[in-house]
1. Residues that are over 19 Å from the mean Cα position of the chain (by Cα), at pLDDT below 95, of a type in the set (K, R) and over 21 Å from L171 (Cβ atoms): does region 43-66 have at least one?
2. Closer than 17 Å to L312 by Cα and in contact with a Cys (Cβ under 6 Å, 6 or more places away or on another chain): does that describe A65?
3. So, in region 122-150, exactly how many residues are in contact (Cβ under 8 Å) with a residue 12 or more places away in the chain, farther than 20 Å from E214 by Cα and either in contact with a strand residue (DSSP E or B) (Cβ under 9 Å, 6 or more places away or on another chain) or part of a helix (DSSP H, G or I) (or both)?
4. Here are some residues: T29, T13. Which one is in a helix (DSSP H, G or I) and touching a Cys at 6+ places or on another chain (Cβ under 8 Å)?
5. What number of residues in region 92-117 are of a type in the set (A, V, I, L, M, F, W, C), exposed (fewer than 14 other Cβ atoms within 10 Å of the Cβ) and within 13 Å of F60 (Cα to Cα)?
6. Does A187 satisfy being assigned to a helix (DSSP H, G or I), crowded, with 24+ Cβ neighbours inside 10 Å and in contact (Cβ under 8 Å) with a residue 40 or more places away in the chain?
7. Take region 33-72 and flag every residue that is within 10 Å of L102 (Cβ to Cβ) and touching a strand residue (DSSP E or B) at 6+ places or on another chain (Cβ under 7 Å).
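The values are calculated or read from the model by the stated rules, or taken from the named source; none is laboratory data. Only a predicted model underlies this, so the values are computations on that prediction, with no experimental measurement involved. Note that we place each Cβ from the backbone using ideal geometry, even for glycine, and neighbour counts take in every protein chain shown.
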Amino acid sequence: MKQAHSFIDPIQTALAQQKLFILDGALATELERRGADLNDALWSAKLLIDQPELIRQVHFDYYMAGADVATTASYQATFEAFQARGYSHEEAARLMRLSVTLALEARDAFWADPAHRLGRLKPLVAASVGPYGAMLADGSEYRGHYGLSKQALIDFHRPRMQVLVDAGADLLACETLPCLDEALAIASLLPEFSHMAAWISFSCRDGEHNSQGEKLADCVAMLDGVAQIVAVGVNCTAPEFISSLIDQACTGTTKPIVVYPNSGEQYDAVHRQWHGCSHAQDFAQQALGWYAHGARLIGGCCRTGPDDIRALKEAAPPRKR
């Protein structure tokens, strides 16, 4: 799958100046920690309706903590999910655009203070493109085996990607994909948005395979020739698998490797509770190990927060000179 390189790669631009590109941490579980009720099929997208200002504040806090990018509250924002709530197509599109606007407003407010610019590149906004399984809200993004054709996945993703691109995001975060077919469907759409970069990250079930059971090395190799895919890797996966998965990915691609695992806590889906504990310093130290294995974009997923990102920023290798 070859493609002409006809756009500016914001990740390579950043990595030319700093050794590590720091992602943000969780959005939904951080909103819950701040009192939001997300016991809902829309998950974090629910607050686009109820409390958009809280989303904006979390984005701002991640920038303050040292994140080079904020990922929007559009993971579970789909036309299908909003339609199930009685929202029209245009109302759904407005809420998706709002997810990008909130992150842009947080970024611009952060960057407006000259003190925040010292030793920093201007942060980015990545529009979250969640998998088809996220729309189902039944955990399918951790299983795969949708039973859909590639064309059906293309038809699902195209209209939302169009809205998010038009809303002004700097790049797309196509995340928690359980299978190669969905990644290829998204990759085939990117030429329709020829100026837009994307990263693709898979959910994985062990140290070698994505959630559907395909080898990660094979998946990233299939994406290696797509210029608009500017990083590949793993997210929302247990931390103990990350080093091995980075090693696997490095055998299949020359692209920068992105990892943002969950905190390592365990989720009880029956009782909707998390068990275990997370410590920011432990997360930062693990992240340095992932950097040593070859990851160059690192952040956190479920149950990580601004403290984790701040600790990672403090432990990160110095900027290039």
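1. no
2. Criteria not met by A65.
3. 8
4. After applying the criteria, what remains is T29.
5. Qualifying residue count for the region: 1.
6. No.
7. H59, A70, T72
Conditions tested, residue by residue: (1) buried (at least 22 other Cβ atoms within 10 Å of the Cβ); (2) modelled with pLDDT of 95 or more; (3) in contact with a strand residue (DSSP E or B) (Cβ under 8 Å, 6 or more places away or on another chain).
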position: A227; (1), (2), (3): no, yes, no
position: V230; (1), (2), (3): yes, yes, yes
position: C250; (1), (2), (3): no, yes, yes
position: Q266; (1), (2), (3): no, no, yes
